[in-house]
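Notes follow once the structure below has been shown.
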Amino acid sequence: MADAPRPSEGAPNAAELTPFAASLEATLDRMSPFEVKDLLISYAKEDAKKSALTFLNAGRGNPNWIATVPRDAFFLIGQFAMVEARRKMSMPEFDLAGEPPEAGCAERFLDFLAKESASKANGKGFDAPAEAHNAWAAKLLRLGYDYLTAPEEKGGLGLDGDDLVHEWTEGVIGCEYPVPDRILANTEKICRRYLVQEMDGGEEPRGADGKPAPYDLFATEGGTAAMCYLFYSLKANFLVNPGDTIALMTPIFTPYIDIAGLDDFHFDVININATTTDENGLHTWQYPDEELEKLKDPNVKLLCLVNPSNPPSYALSEASRKKLVEIVEQSNPNLIIITDDVYGTFVDDFRSVMHDLPKNTALVYSFSKYFGATGWRLATIALAPDNIFDELIAKLPDEKRQVLLERYAELKEDGPALKFCDRLVADSRLVALNGTAGLSTPQQVQMSLFALYALLDKAGTYKRKMQELISDRLHALWSSLGWTLPPDPLRAGYYSMLDLEIWTKRLYGDDFFAWLKEKFRPIDIVLRLAKDTGVVVLAGDGFDAGRWTVRVALANLYVDDFLAVGKRIGEILADYHNAWKAETGS
């Protein structure tokens with residue numbers, strides 16, 4: 001443990017260190033952490049203008065990196081696609097071209113890539129010429145083409161070359177509706193292979209009969225859209241109903257808490273709390289058996305989890321995964337599970353609950369964080385072909401099945417056999433607009449290239465760098481607070497939770513924390529950090545993480561910034577400690 005932090009420069013005296021207006025704090029307590037964040041940002045920016053301190057937004061989970069080569073590949077496909085479009089029809093005087101043709105496009109594409117790869121330009125850095133970046137993108141696309149068109153028995157996907165290239169060229173131009181509307185055919189196969197690699201440890205999913213059972217995928221506008229579609233379709237198909245009991249594995253991403261309380265649902269919510277600690281009393285953010293055993297109650301219809309968790313950023317332990325399997329198999333076989341695994345790629349050897357309980361689980365995976373692509377809005381919902389969703393719909397009472405038969409009547413003659421995955425697609429466009437459903441084709445092309453890039457990275461170079469970036473920032477934050485984090489293979493580290501109760505008690509003693517708790521509310525510290533130091537963090541209680549916790553996002557700032565964040569948090573707490581000493585004479 002390091003020495004106690006020094007008070008901040010120009011720190012207020014005891015008389016000045018008074019709580020913010022109760023009305024302001026009460027208002028903030030009712031707001032989502034993300035709504036509070038916007039207010040804190042305005043305070044912090046104002047403070048930065050008035051002082052020499054730098055504005056540091058550690059409340060935002062948007063990564064400050066981007067994966068470059070798959071993006072260069074996207075734009076290189078765009079260049080080729082425009083050549084192809086003009087091949088079909090060219091009216092330059094009217095700025096018109098046709099749709100890219102399919103016949104022979106693979107051979108033309110490979111010739112195009114050969115010319116781009118022939119560039120002698122070297123390097124990938126900011127000062128490398130465009131030709132160098134095109135050469136790297138061409139290399140990815142050529143290797144990717146060979147991999148994707150290789151026979152399955154040789155490790156490839158066995159895709160047809162013309163069909164693949166045409167999906168890319170037509171898709172990148174965006175001249176057709178997405179067909180199939182659920183996800184483009186080759187994109188599904190590429191993304192499915194990627195999910196197996198990253199979520200299943202490379203083990204192909206299999207059904208109860210032991211035969212391959214590849215996931216059905218639905219491409220969505222980011223993980224947020226996936227959440228909305230799932231909750232809406234679960235309700236529309238009577239799989240969950242207002243008043244039903246659902247469980248949240250907390251702490252959890254705030255929207256899961258907020259959705260449950262909407263008028264649309266009015267769920268009865270129970271929390272499965274991550275309460276475990278290590279021998280030093282520090283949180284390990286895992287779930288004791290007695291918490292998981294709440295799921296034995298068959299009245300619990302739905303379980304939602306983020307894995308690795310947000311905000312603690314820890315993957316579910318193998319023991320907890322096994323316990324969950326035991327509970328489902330022995331006590332609650334109809335439990336529906338939504339697992340949101342966007343941070344799984346930041347943990348080595350990650351295994352999703354989808355891997356353990358494919359029949360019961362809908363997997364939400366977003367490409368946004370790992371590839372620095374929040375603006376692209378790229379995600380998938382994955383469902384096993386044999387799933388509890390379809391099974392429960394088939395067992396609904398006759399009157400409810402009739403309602404659904406009428407709801408989806410225009411989509412398929414055999415309405416009852418309509419798969420839940422296809423119901424999701426239809427419901428995403430209120431059924432009536434199903435004919436124009438689907439994620440835009442340029443988005444799907446970029447998604448397939450992100451997935452392909454990771455599939456070709458056999459050495460794991462990109463993954464190691466992503467994990468290293470996050471780990472360096474995490475340890476910089478904690479070292480500046482005076483702590484050394486013990487290693488934990490389950491830690492993703494995309495966020496970090498700081499428990500101010502544990503820290504202040506160890507730093508200044510129980511009496512000081514008792515005074516702090518009596519005089520101030522946790523939001524006061526978060527507000528003062530923004531107003532007095534220009535640092536934005538989020539209060540942890542909005543995530544059901546504990547009243548005296550704060551969430552620090554590690555993706556949007558650099559190592560030196562986190563050294564400053566920790567220092568400023570320490571200085572603010574030193575201010576409170578000085579006020580306590582002045583008031584109590586301690």
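Read the figures in this text as sums done on the coordinates, not as results from a lab. Since this is a predicted model, take the numbers as computed values, not measurements. FYI the Cβ positions are ideal-geometry reconstructions off the backbone, even for glycines, and counts take in every protein chain you see.
For region 363-395 and region 237-271, compute the distance between their C-alpha centroids and round to whole Å.
Using only Cα atoms to place each centre, the spacing works out to 18 Å.
State the three equivalent ellipsoid semi-axes of region 401-505, derived from the C-alpha gyration tensor as the square roots of 5 times its eigenvalues, in descending order and whole Å.
In descending order, the three semi-axes are 47, 22, 12 Å.
Once the other residues with Cβ under 13 Å from the Cβ of LEU433 are scored (Lys, Arg +1; Asp, Glu -1), what is the net sum?
Taking every other residue near LEU433 into account, the sum is -2.
Just how large is the dipole of the chain about the Cα centre, in debye to the nearest 20, putting +1 at every Lys and Arg Cβ and -1 at every Asp and Glu Cβ?
Magnitude of the dipole: close to 1080 debye.
At 0.36 nm per residue, minus the direct Cα-Cα distance, what do VAL83 and GLU468 gain on full extension? Give it in nm, one decimal, please. Numbers along the way, then the final one.
On the way: separation 385, 0.36 × 385 = 138.60 nm, distance 4.03 nm.
Here the segment from VAL83 to GLU468 would lengthen by 134.6 nm.
Pulled fully out, how much extra length does the chain show between GLU46 and ALA103, if you take 0.36 nm times their separation in residues and subtract their Cα-Cα distance?
14.6 nm is the gain from fully extending GLU46 to ALA103.
Of the peptides 230-239, 547-556, how do they stack up when ordered by the mean number of other Cβ atoms within 10 Å, highest first?
547-556, 230-239
Roughly how many Å is it from the Cα centre of region 488-546 to that of region 171-195, as a whole number?
44 Å
Treating only the Cβ atoms of Lys and Arg (+1) and Asp and Glu (-1) as charged, compute the dipole magnitude of region 185-455 about its Cα centre; round to the nearest 20 debye. The partial results should precede the final answer.
Numbers: 24 positive and 39 negative charges, 132 e Å.
It comes to approximately 640 debye.
Expected output is a single nm value to one decimal: the length gained when fully extending between GLU204 and ALA394, i.e. 0.36 nm times separation in residues minus the C-alpha distance. What is it?
Full extension of this stretch gives 65.7 nm more.
Taking each pair of distinct Cα atoms in region 438-586 once, what is the resulting Kirkwood hydrodynamic radius in Å?
Every distinct Cα pair counted, the radius reaches 17.7 Å.
Of the listed peptides 367-375, 240-248, 430-438, what is their order by residue-averaged count of other C-beta atoms within 10 Å, with the highest listed first?
367-375, 240-248, 430-438
With runs of 4+ DSSP H residues as the only contributors, calculate the mean residue ellipticity of the chain at 222 nm using -39,500 (n - 2.57) per run, divided by the residue total and rounded to the nearest 500. Display every interim value, and only then the final one.
Details: 21 runs with 265 residues, N = 586.
So the calculated ellipticity at 222 nm is -14000 deg cm²/dmol.
Show me the ranking of peptides 91-101, 488-498 by mean Cβ neighbours inside 10 Å, starting with the highest.
Listed from highest to lowest mean packing, they are 488-498, 91-101.
With a ≥ b ≥ c taken as the square roots of the eigenvalues of the C-alpha gyration tensor of region 257-390, please select rounded if a/c is under 1.5 and otherwise prolate if a/b is larger than b/c or oblate if it is not?
Working: a/c = 1.36, a/b = 1.06, b/c = 1.29.
The shape class here is rounded.
Using a basic spin-label model with each label point 7 Å from the Cα along Cα→Cβ, how many nm lie between GLU406 and GLU293?
4.7 nm
Under a Cβ-only charge scheme (Lys and Arg +1, Asp and Glu -1), can you give me the dipole magnitude of region 348-504 about the Cα centre, in debye to the nearest 20?
440 debye
Would you compute, for the Cα atoms of the chain, the largest minus smallest coordinate along each principal axis and list the three values in descending order, in whole Å?
Principal extents (Cα only, largest first): 85, 67, 44 Å.
Any chance you could tell me what percent of the C-alpha pair distances in region 190-322 go past 25 Å?
39 percent
Please give the per residue volume of the convex hull enclosing the alpha carbon atoms of region 341-420, rounded to a whole number of Å³.
Numbers: hull volume 9.1 nm³, N = 80.
Hull volume normalised by residue count: 114 Å³.
Under 16 Å Cα-Cα from LYS45, which lysines qualify once same-chain neighbours fewer than 8 residues away are excluded?
LYS37, LYS531
Per the Kirkwood treatment, what hydrodynamic radius in Å, one decimal, follows for region 69-176 from the mean inverse distance over all distinct Cα pairs? Write down the numbers at each step before the final one.
Values: mean 1/r = 0.0685 Å⁻¹.
Averaging 1/r across every pair of different Cα atoms and inverting gives 14.6 Å.
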